[in-house]
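The values are calculated or read from the model by the stated rules, or taken from the named source; none is laboratory data. Everything quoted here is computed from the prediction, not taken from an experiment. Don't worry about glycine lacking a Cβ; one is built from the backbone with ideal geometry, like all the others, and counts go over all protein chains shown.
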Amino acid sequence: MSTWQELAAEKKRRQTASIPKEWLITRPAEDVLDVTDVPTSCGLLSARELEITAVSEVVILLNKLGTGEWSSVEVTTAFCKRAILAHQLTNCLTEIFIDRALERAAWLDEQLKSTGKVVGPLHGLPVSLKDQISIKGLETIMGYVSWIGKVAERNASLTEILIECGAVLYVRTNVPQTLMWPETYNMVFGRTVNPVNRTLTSGGSSGGEGALLRMKGSILGIGSDIGGSIRIPAAMCGIYGFRPSYHRIPYEGSANSLEGQDSLPSVLGPLSTDLGGIKLFMQAVIGRKPWLKDPLSPRKHWNEDEYRLVEHGGGKKLTFGILWNDGLVIPQPPVIRALEMTKEAVIAAGHDVIDWKPNKHAEIYKATTDIWGAAGEEDYAAVTSLTGEPILKSMSSVGTSAGTSEVGVYITDTSISAFELFQVQKRRAALRKEYLDYWQSTKAVTSTGRPVDAIISPVAPFPPPQHGKNNSAEYTFIWNALDYPACVFPVTKVDPVLDQPKSAHQFLSEADQRVYEMYDSPETFKNAPVGLQLVGQSQEDEAVIAMTEIVDVALKAKLHGRPGL
């Protein structure tokens, strides 16, 4: 029987063998931190392939595919090559299935040629998937050595829908072991790094997606989010990401941790270099009636009235609540500046802003972590015990379980009883009701007579930190606990001149002091992306996307045509 180390090494060897040798490049030296320009200078991509992968809007790419101006085969080839480049530079991929993708693309081209019609709303579009969304015939190991060789017997419901929509699936992307980390490292594929600065994290748990998209090896990818796993990588890689409401996107058939824990579930959602791609994905998937495949998906069609913000004054004058801090941790200077920039932009666009006071965030945090940790190590140990691989308890120690988890996998020494869990869930339900009432009460302080339309919040109290130091997910998982949809949008990047460390304040907590002390040298984070999130109330997915578009346009107008990614 092979050791877990031997199993991991063999899987990595098979992954390497799946890469066409003619697509290998000489990697830049380790001291080259920003590798985002390598694809344009390394010589692997043709001028046509560079043109294809430089397209920043999903709708433009779909139009060219739908008219036959660009074939699905050439578009798929271009993104496959760029994805392989991204992988060599950031270690972002797990499963690579180029031949399968090209066969699919050729079939789509033939369908368009013979019928004159596209197969679906995503016809010919290469779409990348996080390594938990099952594809028939492929392994889904989700960062576990113990799941090597676990081949999916059927497609996940979302996979089926993407195929029905005409998408081309070509790669899957790296995750942390267990998924329950805001960084991306496991003992099979190793660590995924941030392409803007390889000494910094790409976030997690959808960190492979974040890095791949920032490298333009994908234009639309799918991640999952139980506590920020879409939004953290999106913000830290400078792209867009959307956490939908519970079950809006079908999860059925995808692999996961904590399966059976259904009071605070993970959700699937899109990441993209283009905010329009977020909307297109949601429309396409919901348009396929996912409730016919996944019994948990609500029977809710895409609602154009909600997207037009009928309940929000038509979007003409909105009131945004700015969450400057959660009462426990003060964000670092680049995040504060991003909040200030966004406030100025939306006011200049004719909207109102009020300060959003956190309402019992600490209690919601406690209830959330108690739910996730209710089973102790049992959920993770049930998998790792199959091979004896250790459960990672730190992202800073490569290849070992040494260290302690401050956020991480939320493992507790002992589990709690079912009755104790019921009490936690009961308390959380009461907190959700209190938060709803608090939000509704804000109509007394807005100029519109409506409650605050949306909250603008940090995604993390810092820009992407160094590996092993991403010790905070509270700014994201608060919204998971409340089931509030949230969309990340890029705002700025760290500027060592503008973002000088501030004088020490009276610390609100030990975590606050730790976050303050992390930011000792702005040069460490130079040019690192900083994003924020826009948050709406439960099931307001369409409205959240629309309001994020309004904020995004306001920011770009304020910045006079900010350069793209």
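A few remarks follow.
- Unique match (being crowded, with 24+ Cβ neighbours inside 10 Å and free of Cβ contacts under 8 Å to residues at least 60 places away in the same chain) among Thr115, Thr201, Thr173, Thr184: Thr184
- Hits in the range 289-333 (condition: acidic (Asp, Glu) and under 30 Å from Val530 (Cβ atoms)): Glu306, Asp326
- Any hit, the range 180-201, residues being modelled with pLDDT of 95 or more, of a type in the set (Asp, Glu) and in a loop (DSSP other than H, G, I, E, B): yes
- Of the residues Leu61, Leu33, Leu44, the single one that is assigned to a helix (DSSP H, G or I), touching a residue at least 40 places away in the same chain (Cβ under 8 Å) and not hydroxyl-bearing (Ser, Thr, Tyr) is Leu61.
- Residue satisfying all of: in the range 508-534; outside any helix (DSSP H, G or I), over 21 Å from the mean Cα position of the chain (by Cα) and touching a residue at least 24 places away in the same chain (Cβ under 8 Å); nearest to Leu275 (Cα to Cα) among these: Lys526
- Boolean, Thr184 is assigned by TED's automatic domain parsing to the domain that holds Val38 and under 26 Å from Thr368 (Cβ atoms): yes
- Check on Leu268, under 30 Å from Asn471 (Cα atoms) and either in a strand (DSSP E or B) or not aromatic (Phe, Trp, Tyr) (or both): yes
- Pairs where the first residue, in the range 238-252, is assigned to a strand (DSSP E or B) and the second is among the acidic types (Asp, Glu), C-beta under 9 Å, 6+ apart: Tyr240/Asp274; Tyr240/Asp552; Gly241/Glu209; Gly241/Asp225; Phe242/Asp225; Phe242/Asp541; Arg243/Asp225
- Within the range 304-339, the set of residues being of a type in the set (S, T, N, Q) and either under 22 Å from the mean Cα position of the chain (by Cα) or not assigned by TED's automatic domain parsing to the domain that holds Asp499 (or both) comprises Asn325, Gln332.
- Here the condition is being surrounded by fewer than 24 Cβ atoms within 10 Å (Cβ to Cβ) and not small (Gly, Ala, Ser); of Leu264, Leu271, it holds for Leu264 alone.
- Condition check for Ser18: more than 25 Å from the chain's Cα centre (by Cα), at pLDDT below 95 and under 24 Å from Arg172 (Cβ atoms): no
- Residues in the range 163-188 that are under 24 Å from Pro126 (Cβ atoms) and aromatic (Phe, Trp, Tyr): Tyr170 alone.
- Test: residue in the range 219-234 that is of a type outside the set (Val, Ile, Thr), more than 19 Å from Thr201 (Cβ to Cβ) and either outside any loop (DSSP other than H, G, I, E, B) or touching a helix residue (DSSP H, G or I) at 6+ places or on another chain (Cβ under 8 Å) (or both): yes
- Test for Ser114: is it outside any loop (DSSP other than H, G, I, E, B), over 25 Å from the mean Cα position of the chain (by Cα) and among the hydroxyl-bearing types (Ser, Thr, Tyr): yes
- Qualifying residues in the range 279-328 (those that are aromatic (Phe, Trp, Tyr) and part of a loop (DSSP other than H, G, I, E, B)) - the one nearest to Trp439 (Cα to Cα): Trp324
- Residue identified as closer than 25 Å to Thr387 by Cβ, touching a helix residue (DSSP H, G or I) at 6+ places or on another chain (Cβ under 6 Å) and modelled with pLDDT of 95 or more among Lys130, Lys136: Lys130
- Which numbered condition Pro121 misses (of (1) in contact with a Ser or Thr (Cβ under 7 Å, 6 or more places away or on another chain); (2) buried (at least 19 other Cβ atoms within 10 Å of the Cβ)): (1)
- Matching residues, the range 454-507, being under 19 Å from Gly210 (Cβ atoms), part of a helix (DSSP H, G or I) and of a type in the set (A, V, I, L, M, F, W, C): Phe477, Trp479
Every residue, every condition in (1) touching a residue at least 40 places away in the same chain (Cβ under 8 Å); (2) part of a helix (DSSP H, G or I), yes or no:
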| position | (1), (2) |
| --- | --- |
| Ile330 | yes, no |
| Val335 | yes, yes |
| Glu340 | no, yes |
| Ala345 | yes, yes |
| Lys366 | no, yes |
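- Residues that are of a type in the set (S, T, N, Q), surrounded by fewer than 24 Cβ atoms within 10 Å (Cβ to Cβ) and closer than 24 Å to Ser157 by Cα do occur in the range 243-251, at least one of them.
- Close Cβ contacts (under 6 Å, 6 or more residues apart or on different chains) running from residues in the range 315-326 that are buried (at least 22 other Cβ atoms within 10 Å of the Cβ) to residues that are assigned to a strand (DSSP E or B) comprise Thr319/Asp352; Phe320/Val353; Phe320/Ala454; Phe320/Ile456; Gly321/Ile354; Gly321/Ile455; Leu323/Ile455; Leu323/Ser457.
- Residue satisfying all of: in the range 279-306; among the aliphatic types (A, V, I, L, M) and farther than 21 Å from Val59 by Cα; surrounded by the fewest Cβ atoms within 10 Å (Cβ to Cβ) among these: Leu292
- Within the range 31-39, the presence of at least one residue that is hydrophobic (A, V, I, L, M, F, W, C), crowded, with 19+ Cβ neighbours inside 10 Å and under 26 Å from the mean Cα position of the chain (by Cα) is confirmed.
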